[in-house]
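Participant: Once you've had a glance at the structure underneath, I'll fire off some questions.
The values are calculated or read from the model by the stated rules, or taken from the named source; none is laboratory data. Treat the numbers as computed from the prediction; the structure is a model and nothing was measured. Using ideal geometry, Cβ is built from the backbone for each residue, glycine included, and neighbour counts are taken over all protein chains shown. For accessibility, only protein heavy atoms count, side chains too; no ligands or nucleic acids. Shrake-Rupley method; radii C 1.70, N 1.55, O 1.52, S 1.80 Å.
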Amino acid sequence: MTRWASFVVSRPWWVLIAAVLIVLTGATWGLGVFGKLSQGGYEDPGSEAVAVARQIQGLGTAAPDIIAIYTAPEGRTLDDIGPEVTGVLDAFEAEVQPENVTSYWTAPAAQKEFLESTDGTKGLATVSLGGSTGVTLASFADLLPKLEAQGIDTQFAGASVAGISFNTQLQQDLVRAEIIAIPVTLILLVFIFGGVVAAAVPVAVGALAVAGALTVLRVFTEFTDISSFAINVASLLGLGLAIDYGLFVVSRFREELRKGSDGHEAARRTVLTAGRTIAFSGLLLICAFAGMLVFPQAIIRSLGYGAMAAVGCAAILSLTAVPAVLAILGPRINAITWSRTASDRGEERAHRLWGGIVTRVMRRPVIVAAVITGGLLIVASPLLKTTLGEVSYTALPPNDPARVAYETLTEDFRSTGDSATLVLTGDTARPDGPAINSVITATRGLEGIENVQFGTASGNFVVIDATFSSGVDSTEQQEVVKEIRAIPQPAGTTLTVGGAAALVLDGNTAILNWLPVMLAIMVGSTLVLLFLAFGSVVLPVKAVAMAALSMAATFGALTFIFQEGNGASLLGVTPAPLEATFVVLILAVVFGLSTDYEVFLMSRMVEARTAGATTEEAVLVGAQRTGRIVTAAALILIIVTGAFAISGLSIMRFVGVGMIIALVIDATIIRMLLVPSLVKLMGEANWWAPAWMKRVHAKVGIGH
């Protein structure tokens, strides 16, 4: 770090120009990421449900990509509009050549009742595109007008239709969030720093970090699927963390200037102190998100890639562009200010405020620790009732056409169309044999199944379609799938179950199975890095325990709001089980941010301790030096997150609200109250470590 600090300070213009050119040049290519995003990736590719989907591929039994709802005009019946609709569908088949098209007007008699609304005014057509149509994400939206019949009201639902709606909404949210977050953050920083130049540096780096993260994700699309959600996650974290890091660096730089250093020396000292802290912080966050790469679902891995790209770009720019700018500006960092003493007065007030709070905390550490821990455990208590769900159409805004179409399906048709696909494989699996009859009979006897019928046969397997009863929600459907899988398999056959509910069940099961591995990676890497950073055994263990408490409280609050519905109407969301994919993301984010703020606080404590301070003095110095910065950093992230939390998608609101709750808990309750009380209670034990660890810390750790 010493060599790097000297290099940046001695060649600031070269470093700054190179950093900006690399980011902006890459961004011109990286913006192409929007045309390469994936809408899927929620399933476990090694699961039973996916195996069923592969087995029946090409048989016309796949879930439709498009469900078209045709409503007969007043005074006309479904039969009256039949020729017009079938003409449109025939033309669509001839042009697009989809895998399968089924409609009310062409389906067998046994299927017609499920393709007609209860009032007889609406008819359905389902389209499965298959893999040979050449349709891409960019061209999919062009297909829908081809299915519209002139003069006949047409609505579109289906998994791919919903995917397009999600992608469109995410792009709109991204633009709106950054339009709100950047100017509001700039204004806040002007008040924090008391000057425009100091405030502009973190914001400019934040914008560069977002551009850099998009470029990195564009690279990833060449090798793996990247979800459209990853773009918003990368933008949120890239903007927020880069501004936070910039705030931390600029504040330390101004502190060094106040001590009497010139611009170059202040920049060098800033890299050696705040820069080293940011390097450890970035590594901690990357390790937290790296745990997401163990999951089999492509969407979780892509969210991990997006978060890692954001953190990496934010940290690298904070160690290159920011110190280079500071070395160039020197004392001019305080230019364009209404009061040259405003920032100093703010620092003095913050020192008095946080110093007073921490002093009072250390007078009664047992009471403070007990009350806060007990309170957070109470907040965490709803976590015991948490259930996992899936991303559904209810995540879309109420007026979104895809959501309206889904609600029409649910309310106006005899069945939601949701079904389980049973595949009986084996030498005795014949359409007219006793094996299939026994499976159909057993399935019909299950509660939650409305209709069971033979689907098709191919080779040594037969397909059975089991339609769920109306009113059976997604969680109940998964339980029915478990019951179907428990049906005794006829001799000489193997029964496997697929379908949408089975895909969700298998995906959530995979998440629960791999979650301990993710947590082990996060905790293990965090302990190692914090051991190296602090040269202590106790402090890293305490940091992990604080992160666990923060995660528990955050998810308890999220369950209380998003699952149990308390205050959900104020957020405009529909209460539902927590979506498993984004639960994993929030886990990583909360754990990473919790340890991130721990590094900010503890780094100054360790510096003070290394300089000869007692434990109480080190705690006081750490709180005084970082109280204002950590609070401001959390407030900035809350603003950025809040801009994303007003998304039309309830999933992004879930992420946004989760981060806001975690930030409030971490930056105030835990970091400035609970941590000081615990450090005080543990006394000299905080600094204990074996001799070999002390030697390693002396070379790479914070405070040296």
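Participant: Taking only the stretch 505-523 into account, find how many residues are out of contact with any Gly (no Cβ under 6 Å at 6 or more places or on another chain), of a type outside the set (Ser, Thr, Tyr) and open to solvent by 30 Å² or more (accessible area, probe 1.4 Å).
Facilitator: Number satisfying all stated conditions: 9.
Participant: Does the stretch 379-386 include one or more residues that are modelled with pLDDT under 90 and open to solvent by less than 60 Å² (accessible area, probe 1.4 Å)?
Facilitator: Checking the stretch 379-386: at least one residue is modelled with pLDDT under 90 and open to solvent by less than 60 Å² (accessible area, probe 1.4 Å).
Participant: So LEU424 ticks every box in (1) open to solvent by 60 Å² or more (accessible area, probe 1.4 Å); (2) in contact with a strand residue (DSSP E or B) (Cβ under 6 Å, 6 or more places away or on another chain) but one. Which box is left unticked?
Facilitator: If we test LEU424 against (1) open to solvent by 60 Å² or more (accessible area, probe 1.4 Å); (2) in contact with a strand residue (DSSP E or B) (Cβ under 6 Å, 6 or more places away or on another chain), just (1) comes out false.
Participant: Give the residue that is modelled with the highest pLDDT, with candidates limited to residues of the stretch 407-416 that are open to solvent by 50 Å² or more (accessible area, probe 1.4 Å) and part of a helix (DSSP H, G or I).
Facilitator: Of everything passing the filter in the stretch 407-416, GLU407 is modelled with the highest pLDDT.
Participant: From the list ILE586, ILE661, exactly one residue is in contact with a helix residue (DSSP H, G or I) (Cβ under 9 Å, 6 or more places away or on another chain), hydrophobic (A, V, I, L, M, F, W, C) and either open to solvent by 10 Å² or more (accessible area, probe 1.4 Å) or free of Cβ contacts under 8 Å to residues at least 12 places away in the same chain (or both). Which is it?
Facilitator: ILE661
Participant: Among residues belonging to the stretch 538-560 that are open to solvent by 30 Å² or more (accessible area, probe 1.4 Å) and among the β-branched types (Val, Ile, Thr), point out the one that is farthest from ALA588 (Cα to Cα).
Facilitator: VAL538
Participant: Further, regarding this structure: Quick one: ARG352 ticks every box in (1) modelled with pLDDT under 90; (2) in contact with a helix residue (DSSP H, G or I) (Cβ under 7 Å, 6 or more places away or on another chain) except a single one, so which number is it?
Facilitator: Among (1) modelled with pLDDT under 90; (2) in contact with a helix residue (DSSP H, G or I) (Cβ under 7 Å, 6 or more places away or on another chain), the lone unmet condition for ARG352 is (2).
Participant: On to the next question. So, in the stretch 603-623, how many residues would count as being closer than 19 Å to GLU256 by Cα and in contact with a Leu (Cβ under 9 Å, 6 or more places away or on another chain)?
Facilitator: Counting residues in the stretch 603-623 that are closer than 19 Å to GLU256 by Cα and in contact with a Leu (Cβ under 9 Å, 6 or more places away or on another chain) gives 5.
Participant: Filter the stretch 211-227 down to the residues that are of a type outside the set (Ser, Thr, Tyr), open to solvent by less than 10 Å² (accessible area, probe 1.4 Å) and farther than 19 Å from THR320 by Cβ and list them by number.
Facilitator: LEU217, ILE226, listed by residue number.
Participant: May I pose another question? Only one of (1) out of contact with any Asp or Glu (no Cβ under 8 Å at 6 or more places or on another chain); (2) modelled with pLDDT under 80 fails for VAL640. Which number is that?
Facilitator: Status for VAL640: all satisfied but (2).
Participant: Just checking, does the stretch 623-632 include any residue being under 21 Å from LEU284 (Cβ atoms), assigned to a helix (DSSP H, G or I) and among the basic types (Lys, Arg)?
Facilitator: yes
Participant: Under 9 Å between Cβ atoms, which residue pairs at least 6 apart in sequence (or on different chains) link something in the stretch 670-699 that is under 18 Å from VAL528 (Cβ atoms) and open to solvent by 50 Å² or more (accessible area, probe 1.4 Å) with a partner that is outside any helix (DSSP H, G or I) and modelled with pLDDT of 85 or more?
Facilitator: What qualifies is TRP688/VAL537.
Participant: Right, here's the next one. How many residues are surrounded by 17 or more Cβ atoms within 10 Å (Cβ to Cβ) and over 18 Å from GLN55 (Cβ atoms) when one looks only at the stretch 491-504?
Facilitator: 1
Participant: Inside the stretch 256-271, can you point out the residues that are part of a helix (DSSP H, G or I) and open to solvent by 20 Å² or more (accessible area, probe 1.4 Å)?
Facilitator: Those that are part of a helix (DSSP H, G or I) and open to solvent by 20 Å² or more (accessible area, probe 1.4 Å): LEU257, ARG258, HIS264, GLU265, ARG268, ARG269.
Participant: Please go through the stretch 36-59 and give me each residue that is in a helix (DSSP H, G or I) and either of a type in the set (A, V, I, L, M, F, W, C) or closer than 16 Å to GLY306 by Cα (or both), ordered by number.
Facilitator: Scanning the stretch 36-59 gives LYS36, ALA49, VAL50, ALA51, VAL52, ALA53.
Participant: Any chance the stretch 644-655 includes a residue that's touching a strand residue (DSSP E or B) at 6+ places or on another chain (Cβ under 8 Å) and either closer than 27 Å to GLU390 by Cα or open to solvent by less than 40 Å² (accessible area, probe 1.4 Å) (or both)?
Facilitator: There is at least one residue in the stretch 644-655 that is touching a strand residue (DSSP E or B) at 6+ places or on another chain (Cβ under 8 Å) and either closer than 27 Å to GLU390 by Cα or open to solvent by less than 40 Å² (accessible area, probe 1.4 Å) (or both).
Participant: Sticking with this structure for a sec: May I ask you to say which residue of LEU257, LEU247, LEU208 is among the hydrophobic types (A, V, I, L, M, F, W, C) and over 14 Å from VAL322 (Cβ atoms)?
Facilitator: Only one candidate qualifies: LEU257.
Participant: Out of the residues in the stretch 222-279 that are within 29 Å of LEU293 (Cβ to Cβ) and of a type in the set (Ser, Thr, Tyr), state the one that is modelled with the highest pLDDT.
Facilitator: Filtering the stretch 222-279 for residues that are within 29 Å of LEU293 (Cβ to Cβ) and of a type in the set (Ser, Thr, Tyr), the one modelled with the highest pLDDT comes out as TYR245.
Participant: Condition test on SER419, is it more than 40 Å from the chain's Cα centre (by Cα), modelled with pLDDT of 80 or more, of a type in the set (Ser, Thr, Tyr) and buried (at least 16 other Cβ atoms within 10 Å of the Cβ)?
Facilitator: No, not satisfied.
Participant: Of all residues in the stretch 137-161 being open to solvent by 10 Å² or more (accessible area, probe 1.4 Å) and among the small types (Gly, Ala, Ser), which is farthest from LEU124 (Cα to Cα)?
Facilitator: Among them, the one singled out is ALA138.
Participant: Can you tell me which residue within the stretch 459-469, out of those that are open to solvent by less than 40 Å² (accessible area, probe 1.4 Å) and more than 14 Å from GLY499 (Cβ to Cβ), is modelled with the lowest pLDDT?
Facilitator: SER469
Participant: Follow-up. Filter the stretch 61-105 down to the residues that are more than 10 Å from LEU147 (Cβ to Cβ) and of a type in the set (Phe, Trp, Tyr), then identify the one that is most open to solvent (accessible area, probe 1.4 Å).
Facilitator: For the stretch 61-105, the residue satisfying everything is TRP105.
Participant: If a residue has to be part of a loop (DSSP other than H, G, I, E, B), modelled with pLDDT under 85, of a type in the set (S, T, N, Q) and under 18 Å from PHE156 (Cβ atoms) to count, how many in the stretch 100-133 make the cut?
Facilitator: Going through the stretch 100-133 one residue at a time, the tally reaches 1.
Participant: Further question: Is the stretch 320-333 home to any residue that is basic (Lys, Arg) and over 27 Å from the mean Cα position of the chain (by Cα)?
Facilitator: yes
Participant: The conditions are (1) in contact (Cβ under 8 Å) with a residue 12 or more places away in the chain; (2) open to solvent by 10 Å² or more (accessible area, probe 1.4 Å); (3) farther than 17 Å from GLY206 by Cα; (4) out of contact with any Lys or Arg (no Cβ under 7 Å at 6 or more places or on another chain), and LEU284 fails exactly one of them. Which is it?
Facilitator: (2)
Participant: Also, I was wondering about something else. How many of the residues in the stretch 562-573 are surrounded by fewer than 23 Cβ atoms within 10 Å (Cβ to Cβ) and either in contact with a Phe, Trp or Tyr (Cβ under 9 Å, 6 or more places away or on another chain) or among the acidic types (Asp, Glu) (or both)?
Facilitator: The qualifying residues number 6.
Participant: Which is touching a helix residue (DSSP H, G or I) at 6+ places or on another chain (Cβ under 8 Å), more than 19 Å from ILE436 (Cα to Cα) and at pLDDT 90 or above, of ILE484, ILE511?
Facilitator: ILE511
Participant: Now, a different point. Being surrounded by fewer than 20 Cβ atoms within 10 Å (Cβ to Cβ) and under 28 Å from the mean Cα position of the chain (by Cα) is the filter here, so list the residues in the stretch 188-199 that pass it.
Facilitator: LEU188
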